[in-house]
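Q: Structure in structure tokens, see below.
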Amino acid sequence: MRVGVLTFHRCINYGSYWQARCLVEAIAARGHDAVLLDHHSRDVTSREWRYAFQPLTPDRSSRADVAQYGRKLRKFVETFDTLPLSAPFDLDDPGAMPPVDLAVIGSDEVLNLSHPWYGGKPIFWGDGIPAPRVVTYAASFGNYAAPDVEPEWTARLQELDAISVRDDNSRGIVAQATGREPAMVLDPVLLNPPQVEPADGDPYLLVYGHHIPIWFADRVQDAARVRGLRLISVGYRNDWADEQRLDAGPQEFAALVAGAQAVATTYFHGCCFALLNGKPLACAPSDYRWTKVRDLTALLAAERHLTFEDRDPADVGALLSEPVSGAVQARIADLRAHSSAWLDAALAGRA
């Protein structure tokens, strides 16, 4: 079949890039002609790129940091061009989308009605897509936690041929809106892990995130000193780290996680990559990503990797010294088998 994957594949974000690539490659590996449906929007690109240069808003990036973020953005754009893409079309005009036999919406926050620039785009709910069947794979509402959605959005959900989600928040919203229990599946990064060579060099502890709470930063620094590790901050500036890799591209990010001694993050895909690589992991909550990391760690029986300000400060050091448990790795393997079976069924029209 000609299968089109509709997702946030042009975000300047490591997780968005890798989930898109891992899903389209998983479908192609099953013998289908899989492409990313290449939507474009000047407004979305403008907002995405402004954020890429100023991720620490309201703080302004220095001129030197802007130059590094520019190199990072160029690496992303060059990488986008290597992906299997459909003919381009306007995000707000699905009628111009090349027709496919099956459209797969997801993963990422495709259903998040409060997303700052993609929220409320009907195309991500299946509206107007030129395909006889439309399903979702590991779709998420992100931090959107309203118990009900408006009737127009409920109607769109009900018209989808099959729905799978990646987190309990999304499961509850879909079940409430449609009266159907959606399948729970793994994010594509966990379903179809990327194969990368680990970064080499002196041992380091990788930091991934921005606006990291001061209490968490202090405890991560203490843990690194105890273990004699350098702190490398990837993708975003954290002044308390020893080294800033602001210009790392998607491949460099994955290699840095694979080569790290441990990972400290506030990001969903920071957790995914650390757990995949069996790295000691400490994750602190953030307002925007709390729902995602809470549900991810609960799904994988990895709640132990979450830490909070009111815990013993030594908890972070312990987390950053302990490898991922065999139980978590076994849980990922079980869910991968389940998710693969669901994707196979969806591709065959049985889901």
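Computed from the coordinates by the stated procedures, all read-outs in this text should not be read as laboratory data. The structure displayed is predicted, hence computed values, not measured ones. No Cβ is skipped: glycine too gets one built from the backbone with ideal geometry, and neighbour counts run over all protein chains shown.
Q: Note down the relative contact order for the chain as a percent, whole number, built from C-alpha pairs under 8 angstrom at least six residues apart.
A: 15
Q: Can you give me the angle between helix 214-227 and the longest principal axis of the chain, using Cα atoms only, in degrees from 0 to 90, rounded to the nearest 10?
A: Once rounded, one gets 60 degrees.
Q: As I understand it, the value is the acute angle between the Cα axis of helix 63-80 and the longest principal axis of the Cα atoms of the chain; what does it come to in degrees, rounded to 10?
A: Roughly 40 degrees, rounded to the nearest 10.
Q: Taking log10 I(q)/I(0) by the Debye sum over Cα atoms at q = 0.12, 0.15 Å⁻¹ as the quantity of interest, determine which of (i) -1.00, -1.54; (ii) -1.02, -1.34; (iii) -0.85, -1.34 was computed from the displayed structure.
A: (iii)
Q: Compute the length gained on full extension between ARG350 and THR57: take 0.36 nm times their separation in residues and subtract their Cα-Cα distance, giving the result in nm to one decimal.
A: Between ARG350 and THR57, full extension yields 100.9 nm more.
Q: How high is the FRET efficiency from ASP334 to HIS211, r the C-beta distance, R0 56 Å, rounded to 0.05?
A: 0.95
Q: For the residue pair ASP93 and ALA298, what label-to-label distance in nm results when each label sits 7 Å from Cα along the Cα-to-beta-carbon direction?
A: 4.3
Q: Hey, with R₀ at 30 Å, roughly what FRET efficiency would ARG42 and ASP168 work out to, going by the Cβ-Cβ distance, to 0.05?
A: Between ARG42 and ASP168 the formula returns 0.25.
Q: Ranking SER164, SER286, SER340 by Cβ neighbours within 10 Å, fewest first, what do you get?
A: Fewest-to-most ranking of SER164, SER286, SER340: SER340, SER286, SER164.
Q: If you rank ILE173, ILE332 by fewest surrounding Cβ atoms within 10 Å, what's the result?
A: Listing ILE173, ILE332 from fewest to most nearby Cβ atoms yields ILE332, ILE173.
Q: Compute the long axis of helix 290-299 from its Cα atoms, compare it with the longest principal axis of the Cα atoms of the chain, and write down the angle in degrees, 0 to 90, nearest 10.
A: Orientation of helix 290-299: about 80 degrees from the principal axis.
Q: Under the rule of -39500 (n - 2.57) per DSSP H run of 4 or more residues, summed and divided by the residues of the chain, what mean residue ellipticity at 222 nm is obtained, to the nearest 500 deg cm²/dmol?
A: Result for the chain, helices only: -12500 deg cm²/dmol.
Q: For the chain, what is the charge dipole size about the Cα centre, in debye to the nearest 20, if Lys and Arg each add +1 at the Cβ and Asp and Glu each add -1 at the Cβ?
A: 400
Q: In whole Hz and in residue order, list the ³J(HN,Hα) couplings for the stretch 85-98 that follow from phi through the Karplus curve 6.51 cos²θ - 1.76 cosθ + 1.60, θ = phi - 60°; x for Gly and Pro.
A: So the Karplus estimates, Gly and Pro as x, are 10, 6, 4, x, 8, 6, 4, 8, 9, x, x, 8, 5, x Hz.
Q: Let me have the relative contact order for the stretch 117-229, percent, based on Cα pairs under 8 Å that are six or more residues apart.
A: 22
Q: Given the options TYR118, HIS338, SER62, identify the residue whose Cα lies farthest towards the positive end of the charge dipole of the chain (+1 on Cβ of Lys, Arg; -1 on Cβ of Asp, Glu).
A: Farthest along the dipole direction, towards plus: SER62.
Q: Turning to a different aspect of this structure: Relative to the present Cα-Cα distance, how much length would full extension add between ASP127 and GLN176 at 0.36 nm per residue of separation?
A: Stretched out fully, the ASP127 to GLN176 stretch lengthens by 15.6 nm.
Q: Cut-off 10 angstrom, C-alpha nodes, Gaussian network model of the chain. Which of LEU37, LEU23, LEU73 fluctuates the most?
A: For the chain, modelled as a Gaussian network with Cα springs under 10 Å, the answer is LEU73.
Q: Remind me, what semi-axes does the stretch 204-320 give for its equivalent ellipsoid, largest first in whole Å, using sqrt of 5 times each Cα gyration tensor eigenvalue?
A: Largest first, the stretch 204-320 gives 19, 17, 13 Å.
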